[in-house]
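Colleague: Dumping the structure here so I can ask a few things about it.
The values are calculated or read from the model by the stated rules, or taken from the named source; none is laboratory data. What you see is a predicted model, and the numbers here were worked out from it, not measured in a lab. Cβ placement follows ideal geometry from the backbone for every residue including glycine, while neighbour counts extend to all protein chains displayed. Surface areas here come from the heavy atoms of the whole protein model, side chains and all, with no ligands, DNA or RNA. Shrake-Rupley method; radii C 1.70, N 1.55, O 1.52, S 1.80 Å.
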Amino acid sequence: MRTHTLGEINLTLADPVTQPVRWIGQEELLGQILACWTRVTKSDLPLTPRVVGKPGMGKTTLAQAAAQKLGKPTFIYQCTTDTRPEDLLVTPVLSGAGKISYHASPLVSAMIEGGVAILDEANRMPEKSWASLAPLLDHRRYAESIVAGVRIAAHEDFRCCVTMNDDASTYEVPEYMVSRIQPLIFVDFPDRDEERQVLQYNVDFAPADLLDLTANFLQEAHRHNLDYSTRDGINIMRYALKLNSARGTAIDAAFHQAVKQVLGDDAENFEERAAGLFFPKDVKDLSEFMTSDEDLDDEEDDDDDAEDDDAEDEGKPGDGGKPPPKGKRG
């Protein structure tokens with residue numbers, strides 16, 4: 001267990017990620033992150049890029065690979081909608097003896113040790129959590145832990161990168177923070193050769209015919225602007241191979257079954273999905289949610305009946321069928 005002392009506070013540090021990764025293809029993206037982290041002069045400060053793309057496109061792997069290139073320890077913090085400022089910085093933990101110990105987050109551990117911090121899916125965080133990072137990601141390069149009562153200065157070798165999913169299930173990042181996480185590095189779909197290499201690297205026991213099936217399937221989906229990711233392809237291949245091994249299902253049939261179970265019915269009907277004509281498989285009959293011509297006719301009949309009833313009521317004695325007495329208003 002590694003610790004670090006700040007004033008009177010003893011911090012327990014998080015462990016870095018040690019599993020090696022490999023970034024395949026799109027070398028320009030790797031070079032852009034490394035350029036962001038370069039210091040041109042001693043007074044120059046590194047940038048904190050935001051890496052954006054669809055889920056499953058390898059954004060975190062890209063950032064890890066850049067950290068590996070620099071030979072720096074890598075710390076990853078998984079952001080969520082429940083992330084609090086103290087989660088990002090220092091968390092107090094009550095021990096069995098009734099004493100409070102303080103645990104540094106992966107971000108703070110990277111700050112202290114001069115490593116690389118990756119804030120994964122950062123646009124899932126609420127604004128209050130972003131606000132706690134404002135001084136760290138500008139020229140001040142420090143963070144204030146209210147819980148521990150300490151100011152933590154970043155090591156001069158500290159580098160940071162945020163990844164963001166390009167989808168609707170996220171918070172909008174405050175403008176004052178967007179200016180601190182620049183530039184934007186967009187991870188797009190790879191070409192066929194690169195995507196096949198990625199598939200082969202992750203499922204190195206896959207036969208060539210399955211690799212080709214999956215790479216061609218993904219490329220066709222990309223051409224239709226569908227959000228099928230390389231990660232989806234890896235899951236499809238792994239499940240197809242398990243079906244082949246456990247049940248003897250032929251590779252071609254196993255592939256199509258895996259596509260259906262991973263991405264849903266009609267996942268191979270690219271044109272319908274791209275046109276928005278695909279409905280989830282659990283919706284069996286949509287007619288009950290739609291208005292038919294018969295429904296419109298019934299509504300017109302109901303309106304006519306209501307008008308007839310109102311006309312009859314006007315001719316009947318009673319409070320509702322006669323005007324109010326003089327001098328009074330209804």
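Colleague: For region 152-201, give me each residue that is within 18 Å of Glu28 (Cβ to Cβ) and aromatic (Phe, Trp, Tyr).
Modeller: Selection gives Phe186, Phe189.
Colleague: Filter region 64-98 down to residues that are out of contact with any helix residue (DSSP H, G or I) (no Cβ under 8 Å at 6 or more places or on another chain) and among the acidic types (Asp, Glu) and give me whichever is nearest to Cys36 (Cα to Cα).
Modeller: That would be Glu86.
Colleague: Open to solvent by 70 Å² or more (accessible area, probe 1.4 Å), among the basic types (Lys, Arg), modelled with pLDDT of 95 or more and under 19 Å from Glu194 (Cα atoms): is that true of Arg22 in this structure?
Modeller: Considered against the rule, which asks whether it is open to solvent by 70 Å² or more (accessible area, probe 1.4 Å), among the basic types (Lys, Arg), modelled with pLDDT of 95 or more and under 19 Å from Glu194 (Cα atoms), Arg22 comes out as yes.
Colleague: Is region 75-84 home to any residue that is touching a Pro at 6+ places or on another chain (Cβ under 9 Å) and over 28 Å from Asp188 (Cα atoms)?
Modeller: yes
Listed here are the residues, each with its yes/no results for (1) under 14 Å from Arg159 (Cα atoms); (2) touching a residue at least 40 places away in the same chain (Cβ under 8 Å).
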site: Thr5; (1), (2): no, no
site: Ile33; (1), (2): yes, yes
site: Ala67; (1), (2): yes, yes
site: Asp82; (1), (2): no, no
site: Leu88; (1), (2): no, yes
site: Ala110; (1), (2): yes, yes
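Colleague: Further, regarding this structure: For region 154-185, enumerate the residues that are out of contact with any Pro (no Cβ under 6 Å at 6 or more places or on another chain), in a strand (DSSP E or B) and open to solvent by less than 50 Å² (accessible area, probe 1.4 Å).
Modeller: Across region 154-185, the qualifying residues are Cys160, Val162, Thr163, Met164.
Colleague: For residues that are acidic (Asp, Glu) and touching a residue at least 12 places away in the same chain (Cβ under 8 Å), scanning just region 196-212, find the one that is surrounded by the fewest Cβ atoms within 10 Å (Cβ to Cβ).
Modeller: That would be Asp209.
Colleague: Also: Can you tell me how many residues in region 25-48 are over 24 Å from Tyr77 (Cβ atoms), open to solvent by 20 Å² or more (accessible area, probe 1.4 Å), in a loop (DSSP other than H, G, I, E, B) and not acidic (Asp, Glu)?
Modeller: Result for region 25-48: 5.
Colleague: Continuing with the same structure: Is it true that some residue in region 170-180 is of a type in the set (Ser, Thr, Tyr), at pLDDT below 95 and in contact with a helix residue (DSSP H, G or I) (Cβ under 8 Å, 6 or more places away or on another chain)?
Modeller: yes
Colleague: Test Ala208 against the stated conditions and say whether it is aliphatic (A, V, I, L, M) and out of contact with any helix residue (DSSP H, G or I) (no Cβ under 7 Å at 6 or more places or on another chain). Full working, then the answer.
Modeller: Values: aliphatic (A, V, I, L, M): yes; out of contact with any helix residue (DSSP H, G or I) (no Cβ under 7 Å at 6 or more places or on another chain): yes.
Answer is yes for this residue.
Colleague: A follow-up question, please. How about region 179-188: which of its residues are in contact (Cβ under 8 Å) with a residue 24 or more places away in the chain and out of contact with any Leu (no Cβ under 8 Å at 6 or more places or on another chain)?
Modeller: Those that are in contact (Cβ under 8 Å) with a residue 24 or more places away in the chain and out of contact with any Leu (no Cβ under 8 Å at 6 or more places or on another chain): Leu184, Phe186, Asp188.
Colleague: While we're here: Give just the number: which of (1) farther than 27 Å from Gly58 by Cα; (2) at pLDDT below 95; (3) buried (at least 16 other Cβ atoms within 10 Å of the Cβ) does Ile146 not satisfy?
Modeller: So the condition that Ile146 fails would be (3).
Colleague: Checking the structure you have, find out if any residue of region 247-260 is open to solvent by less than 50 Å² (accessible area, probe 1.4 Å), under 30 Å from Ala117 (Cβ atoms) and without any contact (Cβ under 8 Å) to a residue 60 or more places away in the chain.
Modeller: Checked against the condition, which is being open to solvent by less than 50 Å² (accessible area, probe 1.4 Å), under 30 Å from Ala117 (Cβ atoms) and without any contact (Cβ under 8 Å) to a residue 60 or more places away in the chain, region 247-260 yields no hits at all.
Quick grid of which residues meet (1) within 24 Å of Ser145 (Cβ to Cβ); (2) open to solvent by less than 40 Å² (accessible area, probe 1.4 Å); (3) small (Gly, Ala, Ser):
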site	(1), (2), (3)
Pro55	no, no, no
Ala65	no, yes, yes
Gly96	yes, no, yes
Val108	yes, yes, no
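Colleague: Pairs needed: first member in region 46-59, at pLDDT 95 or above; second member anywhere, of a type in the set (Ser, Thr, Tyr) and in a strand (DSSP E or B); C-beta distance under 7 Å; at least 6 residues apart or different chains.
Modeller: Close Cβ pairs (under 7 Å, with a partner that is of a type in the set (Ser, Thr, Tyr) and in a strand (DSSP E or B)) amount to Val51/Thr163; Lys59/Thr163.
Colleague: Collect the residues in region 110-121 that are open to solvent by less than 10 Å² (accessible area, probe 1.4 Å) and on the phi > 0 side of the Ramachandran plot, keeping them in residue-number order.
Modeller: Result: Gly114, single match.
Colleague: Return yes or no: is Val90 modelled with pLDDT of 95 or more, in contact with a Leu (Cβ under 9 Å, 6 or more places away or on another chain), β-branched (Val, Ile, Thr) and closer than 30 Å to Gly58 by Cβ?
Modeller: no
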